[in-house]
Amino acid sequence: MNLKRGVVILSLFCMVWLSLQMGVRSASFSQMIAFIQGHTTYMTQIIGARLPRTLMAFVAGPAIALATIQIQAMSHNPLAEPSLLGINAGSSLLVVLGLLLGFQGPIDRIVLALAGALIIGVVIMLIADSQTPVLLVLAGAAISVALRSIVAALSLTSQYVMDQFRFWQVGAIVKANFQDIALVTPFLLVGLVLAMLMMPALDQLRMGDELAQSLGVNRVKTRLLSMASVVLLVGSITAICGPITFLGLWACHLAKRLSPSLAQQSIWAMMLAASFLLGCDIVGRLLGELEVGVVTALIGGPLFMWLIRR
Amino acid sequence: MKRLIVGIICLNVLYCWVPSYLLPFRLPQAIGAILCGMAFGLAGYLFQTLLDNPLASPDVLGVSAGCSLAAVICLLFLGFGPMLTGWVACLAGLSVSGLIFWLSNRHGYSKLTMILIGIGSQAMMSAGISIALLKANTYQLKDALRWLNGSLNEADWPGLMVLGMILVIAFGLIIVFYESIGLYKLGDELAQSLGLDVKKLRTVFFVVSLCLVGFACSVCGPMASLSFICGPIVTRWLKKENPIFEAGLMGALILSAANFNPFPAGILTGLIGAPVLLYVLYQMKGNL
């Protein structure tokens, strides 16, 4: 187990390093060293330009992983994941709707994305209780399909929205900048704090609702606050980089093998998600600037099928 | 059922003859609405019955997404005409669904495995469509987006003929096996003990409904949510044991109505889809 944990930490460092190094103009090892020492040359400026992108992945991955851990614990469902349940799609819908109606500023976007995540989150909460794992995922898939067709329909009405829409279909961290990240940081921090506060209760909730209740966990309160945290995390990430699919699913699945307790699992899942997202971004860059959301979906789809078979 | 048929006829007569000089242009669209609507309605109902779940329709499981992915690639990157695009889309839909069927059958069939594999493939197809859209030129986008939602403007006689023949075969099979489908709804074990060959029935009707979806897609695109909404609507409305023909007619009715709006028909069906979905989810909460 310690070996595996070491590999995770090592891979995270490697991915951060590679994500700064690789690209259209890859830097050499000595240039990377120069960048770390703070010299200013042509190449170190290129590396510096990649910094927001790396930081974005470093923020987005963990946020999604944390949301996924909470959803899975809440719904007792190893297949639950924000993108599979349609929470991302809800955010996308409202953002595109906002584009259509002229709300295009960064603040508008964040508010709309949060509202979209909230609506779908409430719907999921209402139905999650009574569903078996598979049916919950099916409900989520149906929600995303329906929302996606509405988004596509809306975008047919104006050329501008149509042009924007295709970028809103997939998650991308290419256009990352420090302002966007700074703008959502407060929301992410609140989500993080809520998640940390709820972690012990969620851990007990995993053993079953009745047992947890007899241990003194307030089930309704835990779920409400956790869902709020999920909405904050997923909504704000979707507002700045679009829907990123399947990421939380694999991170959480692997993290479960690293530790039994939920709090530790979530830390490992966050690290795994960050390095996965950076890795997918690097793969996408090598394949000719494919958006990271597409790469995660293309790798995640088969992995999801493989998970089901077991 | 009578009311449904009367409704379809009225709508289409109105659509074609008012004003009357548009008849030659509007007739293929009207016939297309009836045939495609029936195909999607029947296929959706069959899927939902075979998988025993109102949410498991071809569009949720990625069959329609496979069609649109192929169509978008043909239009945007290979520059194919509409006719050839239709055929390629149909083939792609069939092969995607064949793959889903094969993967879920490999270690013994189970409804849930098939549903989940369908969801996985649906997500991948959507990712593929996103790539195609991102790499496309702005002026080509409108054509491609229409393929994502569905529209009857491209309906032509050769495609409709093929779809019509498939529909006739499907109707024949459904009439022959009508009782068996009723039995199948009782559950695998009970149906088997009553002398039904469950596996044969399932295979026959999956193939039939996949052909229906594939060929209908080749005529009018995936037609967002249409195959999903017909089943729940007729089940709720008619309270009949096995409303399979009614589901087909319902599809035809909805598409005929959609012909009247100025946007592609897929927009309307997509918009109807969301409330129906909410209703189905609400129902499921009660039952499960």
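The values are calculated or read from the model by the stated rules, or taken from the named source; none is laboratory data. All of these numbers come straight from a predicted model, not from anything done at the bench. Glycine gets a Cβ as well: all are built from the backbone with ideal geometry, and neighbour counts include every protein chain shown.
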Run down B:206, B:260 and say which single residue is of a type in the set (Phe, Trp, Tyr), assigned to a helix (DSSP H, G or I) and out of contact with any strand residue (DSSP E or B) (no Cβ under 9 Å at 6 or more places or on another chain). B:206
So which of B:156, B:143 ends up being closer than 22 Å to residue B:63 by Cα and either over 22 Å from the mean Cα position of the chain (by Cα) or of a type in the set (Asp, Glu) (or both)? B:143
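What helices (runs of 4 or more DSSP H) lie completely within segment A:195-310 and have 3 or more residues being within 14 Å of chain B (Cβ to nearest Cβ)?
Per the criteria, A:247-255, A:262-286, A:292-309.
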Residue A:83 at pLDDT 80 or above, hydroxyl-bearing (Ser, Thr, Tyr) and over 30 Å from residue B:111 (Cα atoms): no
Within segment B:266-285, is there a residue that is in a helix (DSSP H, G or I), of a type in the set (S, T, N, Q) and away from chain A (no Cβ under 14 Å)? no
For residue B:145, are the conditions met, namely being within 26 Å of residue A:88 (Cα to Cα) and of a type in the set (A, V, I, L, M)? yes
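For residue A:203, state whether it is in contact with a His (Cβ under 9 Å, 6 or more places away or on another chain), over 11 Å from residue A:66 (Cα atoms) and surrounded by fewer than 24 Cβ atoms within 10 Å (Cβ to Cβ).
Against the criterion (in contact with a His (Cβ under 9 Å, 6 or more places away or on another chain), over 11 Å from residue A:66 (Cα atoms) and surrounded by fewer than 24 Cβ atoms within 10 Å (Cβ to Cβ)), residue A:203 does not qualify.
Quick grid of which residues meet (1) basic (Lys, Arg); (2) under 20 Å from residue B:32 (Cα atoms); (3) free of Cβ contacts under 8 Å to residues at least 40 places away in the same chain:
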| residue | (1), (2), (3) |
| --- | --- |
| B:181 | no, no, no |
| B:246 | no, yes, no |
| B:253 | no, yes, no |
| B:257 | no, yes, no |
| B:275 | no, no, yes |
Of the candidates B:133, B:148, B:112, the one satisfying the condition of being part of a helix (DSSP H, G or I), aliphatic (A, V, I, L, M), without any contact (Cβ under 8 Å) to a residue 24 or more places away in the chain and within 14 Å of chain A (Cβ to nearest Cβ) is B:112
Give the residue that is farthest from residue A:149 (Cα to Cα), with candidates limited to residues of segment B:29-87 that are outside any helix (DSSP H, G or I) and among the polar types (S, T, N, Q). B:53
Given the residues A:155, A:149, A:226, which is the only one that is touching a Ser or Thr at 6+ places or on another chain (Cβ under 9 Å) and crowded, with 21+ Cβ neighbours inside 10 Å? A:149
Give me the residue from segment A:57-80 that is within 23 Å of residue A:146 (Cβ to Cβ) and at pLDDT 90 or above and, out of that set, surrounded by the most Cβ atoms within 10 Å (Cβ to Cβ). A:64
Considering only segment A:113-129, I want to know if a residue exists there that is modelled with pLDDT under 80, away from every other protein chain (no Cβ under 11 Å) and within 21 Å of residue A:56 (Cβ to Cβ). no
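A quick yes/no check of all residues on (1) away from every other protein chain (no Cβ under 14 Å); (2) under 14 Å from residue B:43 (Cα atoms); (3) in contact with a Leu (Cβ under 9 Å, 6 or more places away or on another chain); (4) of a type in the set (Asp, Glu):
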position	(1), (2), (3), (4)
B:175	yes, no, no, no
B:191	yes, no, yes, no
B:225	no, yes, yes, no
B:243	yes, yes, no, no
Which numbered condition in (1) surrounded by 24 or more Cβ atoms within 10 Å (Cβ to Cβ); (2) assigned to a helix (DSSP H, G or I) is the only one that residue A:135 fails? (1)
Subset of segment B:84-122 that is surrounded by fewer than 24 Cβ atoms within 10 Å (Cβ to Cβ), at pLDDT 80 or above and small (Gly, Ala, Ser) - its residue that is nearest to residue B:53 (Cα to Cα): B:98
Taking residue A:100, is it within 30 Å of residue A:257 (Cα to Cα) and among the aliphatic types (A, V, I, L, M)? no
